[in-house]
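Presented below is the structure to which this report refers.
The values are calculated or read from the model by the stated rules, or taken from the named source; none is laboratory data. What you see is a predicted model, and the numbers here were worked out from it, not measured in a lab. Virtual Cβ from ideal backbone geometry, glycine too; neighbours counted across all protein chains shown.
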Amino acid sequence: MPSNTRPDSRREDELRPIKIVRGYTSVVPGSVLVEFGETRVVCTASVEDSVPPWMRGKRRGWVTAEYSMLPGSTAERTRRERRGAGGRTKEIERLIGRSLRGVTDLAGMGEIQVTVDCDVIQADGGTRTASITGGWVALHDAFTSLMESGDIPSHPIRTACAAVSVGMVDGRPLLDLRYVEDVKADVDMNVVMTGEGKFVEVQGTAEGLTFGRDDFDILLDLAEKGCRELFGHQKAALEFAPRSDPAGTG
């Protein structure tokens, strides 16, 4: 099968168009609009001058995350979760939080908490991977603001963090799946990596057919390629001033 038969004519190993807009809002120290193709997520990082009760007195900070899909993010209206998040939402929130904490020096934060909110405004697959990739940039900006104001002595981010989806669709390994590909994937996998080339998490599921070690290695190599390209997008976004800065070009 030709490699250009994906719905958007991408190669099998090609990411969707990636866009990261910093300073998307002006009321929190870190805010980003991240786009993976038609998937769009607003990530905001809010700072609280306290930590959860179980961390008080430990001289360590905390990074956590919340995630939601807004009602108009899909063709069929997504209902708001009014009485606590459901199982899928909680799983994604924990994944985002683990990923961001994995590259943060919590001891270097002091006793503060940063909450990264990831709100999906349009969904076309890969919402959790876009949330992690954009959430890291929002977190980075929040820490930069705290460092510049003298609230923390140095930047706690140790390295980059990004995530991407891969899968087996009709026998082909594909990078960065859109929804139409994800729903028919025989194998679906989300991979979170650090800028040092280490893995934070690998979530792989056989949706219909089982997969072997060879398939796993192919998908992991494909995900690593995608994450390294995402690190480049993050680095490029941080080279410019946030959009909210009138002099900026980001």
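Scanning segment 12-58 for residues that are among the acidic types (Asp, Glu) and in contact with a helix residue (DSSP H, G or I) (Cβ under 7 Å, 6 or more places away or on another chain) yields one hit, ASP13. Only one entry in ALA162, ALA123 is on the phi < 0 side of the Ramachandran plot and within 10 Å of the chain's Cα centre (by Cα), namely ALA162.
When residues of segment 169-178 are filtered for being at pLDDT 95 or above and either hydrophobic (A, V, I, L, M, F, W, C) or farther than 15 Å from THR5 by Cβ (or both), how many remain?
Taking segment 169-178 and keeping what is at pLDDT 95 or above, we get 173-178.
The next check asks that each one be either hydrophobic (A, V, I, L, M, F, W, C) or farther than 15 Å from THR5 by Cβ (or both); those that pass are 174-177.
Counting residues in segment 169-178 that are at pLDDT 95 or above and either hydrophobic (A, V, I, L, M, F, W, C) or farther than 15 Å from THR5 by Cβ (or both) gives 4.
Taken over segment 191-207, the criterion of being closer than 23 Å to LYS235 by Cα and exposed (fewer than 14 other Cβ atoms within 10 Å of the Cβ) is satisfied by GLU196, GLY197, LYS198. The residue that is surrounded by the most Cβ atoms within 10 Å (Cβ to Cβ), counting only those in segment 76-103 that are assigned to a loop (DSSP other than H, G, I, E, B) and of a type in the set (A, V, I, L, M, F, W, C), is VAL103. Within segment 168-176, not a single residue is free of Cβ contacts under 8 Å to residues at least 24 places away in the same chain, under 14 Å from ALA223 (Cβ atoms) and surrounded by 19 or more Cβ atoms within 10 Å (Cβ to Cβ).
I'm trying to understand the selection: among the residues of segment 19-47, which are over 21 Å from GLY126 (Cβ atoms) and either within 12 Å of the chain's Cα centre (by Cα) or assigned to a loop (DSSP other than H, G, I, E, B) (or both)? Once the filter is applied, which keeps residues that are over 21 Å from GLY126 (Cβ atoms) and either within 12 Å of the chain's Cα centre (by Cα) or assigned to a loop (DSSP other than H, G, I, E, B) (or both), segment 19-47 yields GLY23, THR25, SER26, VAL27, VAL28, PRO29.
Taking first residues from segment 208-232 that are surrounded by 10 or more Cβ atoms within 10 Å (Cβ to Cβ) and partners that are part of a helix (DSSP H, G or I) and among the aromatic types (Phe, Trp, Tyr), no Cβ contact under 6 Å between residues at least 6 apart in sequence or on separate chains turns up.
Somewhere in segment 46-59, is a residue under 19 Å from VAL192 (Cα atoms) and modelled with pLDDT of 90 or more? Write out each step before concluding.
Going through segment 46-59, the residues under 19 Å from VAL192 (Cα atoms) turn out to be none.
So far as segment 46-59 goes, no, none of its residues is under 19 Å from VAL192 (Cα atoms) and modelled with pLDDT of 90 or more.
Taking the conditions (1) out of contact with any Phe, Trp or Tyr (no Cβ under 8 Å at 6 or more places or on another chain); (2) part of a helix (DSSP H, G or I) in turn, GLU111 satisfies each one other than (2).
Under 27 Å from ARG59 (Cα atoms), aliphatic (A, V, I, L, M), touching a residue at least 24 places away in the same chain (Cβ under 8 Å) and surrounded by fewer than 23 Cβ atoms within 10 Å (Cβ to Cβ): does that describe LEU106?
On the way: under 27 Å from ARG59 (Cα atoms): yes; aliphatic (A, V, I, L, M): yes; touching a residue at least 24 places away in the same chain (Cβ under 8 Å): yes; surrounded by fewer than 23 Cβ atoms within 10 Å (Cβ to Cβ): yes.
When the stated conditions are applied, LEU106 passes them.
Take SER50 and tell me if it is within 30 Å of ILE152 (Cβ to Cβ) and either assigned to a loop (DSSP other than H, G, I, E, B) or among the basic types (Lys, Arg) (or both). The answer is yes for SER50.
So is ASP119 at pLDDT 95 or above and farther than 25 Å from THR39 by Cα or not? I'd like the intermediate steps shown before the answer.
Numbers: at pLDDT 95 or above: yes; farther than 25 Å from THR39 by Cα: no.
Judged against the criteria, ASP119 is not a match.
Taking segment 150-191 as the range and being of a type in the set (Val, Ile, Thr), touching a Leu at 6+ places or on another chain (Cβ under 8 Å) and closer than 15 Å to THR205 by Cβ as the test, the residues that pass are VAL166, VAL169, VAL187, VAL191.
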